[in-house]
1. Net charge near A:Val25, counting Lys/Arg +1 and Asp/Glu -1 over other residues with Cβ under 13 Å of its Cβ?
2. Once you have all Cα-Cα distances for chain B, histogram them in 5 Å bins from zero and send the whole-percent values.
3. Using a 7 Å offset from Cα along Cα-Cβ at A:Lys79, what residues in region A:20-42 end up with backbone N under 13 Å from the label point?
4. What does the copy distance list look like for A:His36, label position 7 Å along Cα→Cβ, in nm and ordered from shortest?
5. Take peptides B:6-16, B:88-98 and line them up by average Cβ neighbours within 10 Å, highest first, as a rough protection proxy.
6. Please get the size of the charge dipole for chain B, origin at its Cα centre, with Cβ charges of +1 on Lys and Arg and -1 on Asp and Glu, quoted in debye to the nearest 20.
7. Starting from the 7 Å offset along Cα-to-Cβ, what nm value, one decimal, do you get for the label separation of B:Arg52 and B:Val146?
8. How many nanometers, to one decimal and shortest first, lie between the label point of B:Arg162 and those of its other copies, if labels sit 7 Å from Cα toward Cβ?
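Every read-out reported here was derived from the displayed coordinates using simple, explicitly stated rules and does not represent laboratory data. Keep in mind that this is a model prediction, so the values were computed, not measured. Because the Cβ atoms are built from the backbone with ideal geometry, glycine has one as well, and the counts that use them run over all protein chains shown.
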2 protein chains.
Amino acid sequence: MAAPYAIGFDADDTLWHNENIFERVHERYRALLAHHHDAATVDRTLLATEQRNLELYGYGVKGFMLSSIETAIELTQGKISAEEIRQLIALGREMLAHPVELLDGAAETLAALAPAHRLLLITKGDLRDQERKLTRSGLAARFAHVEIVSEKDPDVYAAILRRHAIAPERFLMVGNSLKSDILPVLALGGAGAHVPYHLMWAHDQVEMPAVAPARFFKLKTLRELPDLVTTLGAEK
Amino acid sequence: MAAPYAIGFDADDTLWHNENIFERVHERYRALLAHHHDAATVDRTLLATEQRNLELYGYGVKGFMLSSIETAIELTQGKISAEEIRQLIALGREMLAHPVELLDGAAETLAALAPAHRLLLITKGDLRDQERKLTRSGLAARFAHVEIVSEKDPDVYAAILRRHAIAPERFLMVGNSLKSDILPVLALGGAGAHVPYHLMWAHDQVEMPAVAPARFFKLKTLRELPDLVTTLGAEK
């Protein structure tokens with residue numbers, strides 16, 4: 001029998017819905033600013049603010065809340081009322097308190113893989129928020145290790161693999177973001193299973209290289225993962 | 001020779017100044033709201049908001065920023081201007097971009113202990129902010145492990161010690177907060193070295209039990225730490 005594969009999972013939009021909650025908040029945000037600017041301008045300015053603030057705030061809902069307030073003040077040239085800012089804070093709080101909705105197949109796939117493989121959760125965002133979502137998801141017991149990180153680049157993945165004594169060629173990362181979940185792991189010599197979500201934050205959008213690297217796999221749903229893991233294990 | 005002690009260090013107000021930066025921000029916050037309320041009311045209301053929001057936001061500057069905006073809207077009954085809220089955001093951004101000022105003796109003490117002991121950094125706050133401060137501090141290379149956590153209670157310390165295979169009776173935690181750094185570790189059977197900072201966030205203030213537990217030590221400065229570690233090591 002082949003040595004067990006270590007499998008890393010992204011969380012937001014891989015195991016549970018996230019971007020759909022942001023999308024609903026964006027809709028209400030556009031509505032709030034509709035008498036000042038059209039939706040495209042609001043979206044573009046908010047994204048620019050978020051990207052400018054990423055270095056200082058990091059990923060997550062709290063940084064989004066602060067950027068949304070800053071953008072609203074800018075787009076209204078200071079005319080936004082305190083009551084409207086209170087509504088923006090309330091919108092963010094709703095996101096933080098939102099129930100966790102698992103993606104189709106997430107629970108079953110983890111249950112199938114956990115007995116024979118070491119599963120890692122590797123996610124970025126606000127520490128408290130990610131911990132709360134993991135707890136609420138009911139999936140925590142499936143993971144041998146939980147890594148909440150401030151960035152997902154090759155250095156960060158390399159440090160995680162080193163810490164847990166996982167050889168990159170025995171590591172498969174599963175996620176919805178080519179940029180954060182797949183490309184950095186392929187660069188280290190690991191494998192990547194891309195499971196797209198139907199929505200994606202504009203900041204995370206990258207193109208796949210025209211020639212897909214070896215050890216890159218695209219899945220329609222997490223339900224296809226156990227078969228892929230079996231195939232990868234049989235390769236060795 | 002005794003087995004090496006593993007030594008955990010808190011970061012904010014233990015290795016580098018933090019509360020003095022918050023204190024200067026509080027002064028400017030009180031000034032901003034001075035035409036609405038006296039300083040004591042402002043402080044009390046802000047602390048109540050922060051404590052109410054801790055569960056949702058966790059520790060750190062971004063949560064503080066959001067709570068300070070919420071409090072200002074409440075205390076002005078919605079009369080605060082967007083320009084003033086912009087100033088509040090700017091205040092928070094200054095905190096996040098603030099240079100790291102090491103406490104007296106921090107660098108020398110870590111340099112003295114690192115060769116013979118396993119040093120851990122155990123801190124709470126925003127992930128990105130704590131990582132940036134550690135990088136800027138120049139102290140990162142002294143630590144075998146860095147743990148940024150959302151809460152510091154006995155369960156969290158127990159998980160850290162388990163993860164790194166450290167027996168509690170061979171662990172000493174060093175920090176300025178009895179509540180976060182010392183009492184939870186004493187409860188596990190570890191040792192605690194309390195090095196008070198001259199300022200303390202009201203939320204973190206607890207009284208020491210009248211009868212100090214065994215393995216509790218109070219130091220005036222980090223410079224006294226190497227001698228304490230020698231004494232503890234000799235005990236075994």
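1. On the way: positive: A:Arg24, A:Arg28, A:Arg30, A:Arg93; negative: A:Glu19, A:Glu23, A:Glu27, A:Asp43, A:Glu50, A:Glu94.
Local charge sum for A:Val25: -2.
2. 1, 6, 14, 17, 18, 15, 11, 8, 5, 3, 2, 1, 0, 0
3. Answer for this model: A:33-38.
4. 1.9
5. Values: B:6-16: 24.8, B:88-98: 16.8.
Answer by packing, highest mean first, reads B:6-16, B:88-98.
6. Numbers: 26 positive and 32 negative charges, 112 e Å.
For chain B, the charge dipole is close to 540 debye.
7. 3.5 nm
8. When each copy's label point is compared with this one, the spacings are 2.7 nm.
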